1. If r is the Cβ-Cβ distance from residue 75 to residue 244 and R0 is 35 Å, what FRET efficiency results, to the nearest 0.05?
2. Report the charge-dipole magnitude of region 238-308 in Debye, nearest 20, computed about the Cα centre from +1 at each Lys and Arg Cβ and -1 at each Asp and Glu Cβ.
3. Using alpha carbons only, how many degrees (0 to 90, rounded to 10) separate the axis of helix 259-272 from the longest principal axis of the chain?
4. In the Gaussian network model of the chain, springs joining C-alpha atoms below 10 Å, which of 77, 245, 164 carries the largest mean-square fluctuation?
5. Among DSSP beta bridges lying fully in the chain, give the percent that are antiparallel, nearest 5.
6. Say R0 is 35 Å: what FRET efficiency, to the nearest 0.05, do residue 306 and residue 204 get from their beta-carbon distance?
7. Which of rounded, prolate or oblate describes region 28-82 when judged by the alpha-carbon gyration tensor and an a/c cut-off of 1.5?
8. Within the set of other residues whose C-beta is less than 15 Å from the C-beta of residue 36, count the net charge using Lys and Arg as +1 and Asp and Glu as -1.
Amino acid sequence: MRVVGVDLGGTTTTIGLVDSERGDIVNKVQISTKAHEGYKRVIERISDVINEIKSDAVAVGVGSPGSIYDGVVRFSPNLPDWKEVPLAKMIEERTGLKTYVENDANSFVLGEKWFGDGKGKSHIVALTLGTGVGGGVITHGILLKGHLGIGAELGHVTVMPNGPICGCGNYGCLEALASATAIVRMANEGRKKYPSSLIFKSDEITAKVVMDAAKKGDELALRVRDRMVEALGIAIAGFIHIFNPEIVILGGGVSRAGDIILEPLKRVVKSRVMPSFEGTYEIVISKLLDDSGVLGAASVALERLEVKR
Ligand SMILES: [Zn+2]
């Protein structure tokens, strides 16, 4: 079966024709989202690309940032005028293809279930470590959504009461300690104490710069890494107790740091789970890399088509 996956982002949008049997992207087009032009223009341009590449596709899946309910984008922090936008309906009208929409963290976990390390598994917890921290949960083979469809906001569990303020207004959320934004903030906070850190030799401080410095043994970078890993480990141990997953999958830009976070993370989690959970789970970094967005979006459609059958 072939479906189109649309990875809608605040800056760029990637649209790909995905073959579910082959498990790959047949054709892929990347465009600038140009959110400032307004949602109607954005959706028109996306629909034009879908029409160009759809060939024998049977449906469209979209992974979108923000709160999504029933194909409608209720609100999205990265897409300013997107309030109550009937995204699925608008794409259907322009392409003639049935369209399904999920938030990008839910689409990430579905992508792992269809194409990644979650294949063949029914209990998966996924975290995307990017500008924010997104969460997606598959339990008993089904995407966990909650009663309004906005659940599994794993990035906003409190891991440190009285910790740093989070974009959501709360204090000490996982996102405020383990996102790329948090890593950069924590690095900057160490400037006074560690002025000669490798981090400050770089023109622009990014999470990648911090993690690269940690790999070279930079003291400040390692402290930031430790703080981030501690927060992530506390959260993941909690998720393991709640969901009893077979696998915990990390994605997003920060996860590319690899073993410098994964190995200490495994130790923190191991030290915090109850003995009965030891050895019941694995923690891995997603291998879908740059394709995770489009494959995840395509999986949103594949999942719905499969459930219907
Ligand atoms: Zn928060």
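Read-outs: derived from the displayed coordinates by stated rules, not from any lab. Model, not experiment: these values are computed from the prediction. Glycine gets a Cβ as well: all are built from the backbone with ideal geometry, and neighbour counts include every protein chain shown.
1. Working: r = 32 Å, r/R0 = 0.91.
Computed FRET efficiency for residue 75 and residue 244 comes out at 0.65.
2. Values: 8 positive and 9 negative charges, 41 e Å.
Here the size comes out at about 200 debye.
3. 80
4. 77
5. Numbers: 29 of 48 bridges.
Close to 60 percent.
6. Numbers: r = 43 Å, r/R0 = 1.23.
After rounding, the FRET efficiency stands at 0.20.
7. Numbers: a/c = 2.41, a/b = 1.42, b/c = 1.70.
Taking the square roots of the gyration eigenvalues as a ≥ b ≥ c, region 28-82 is oblate.
8. On the way: positive: 34, 40, 41, 45; negative: 37, 44, 81.
Summing Lys and Arg as +1 and Asp and Glu as -1 gives +1.
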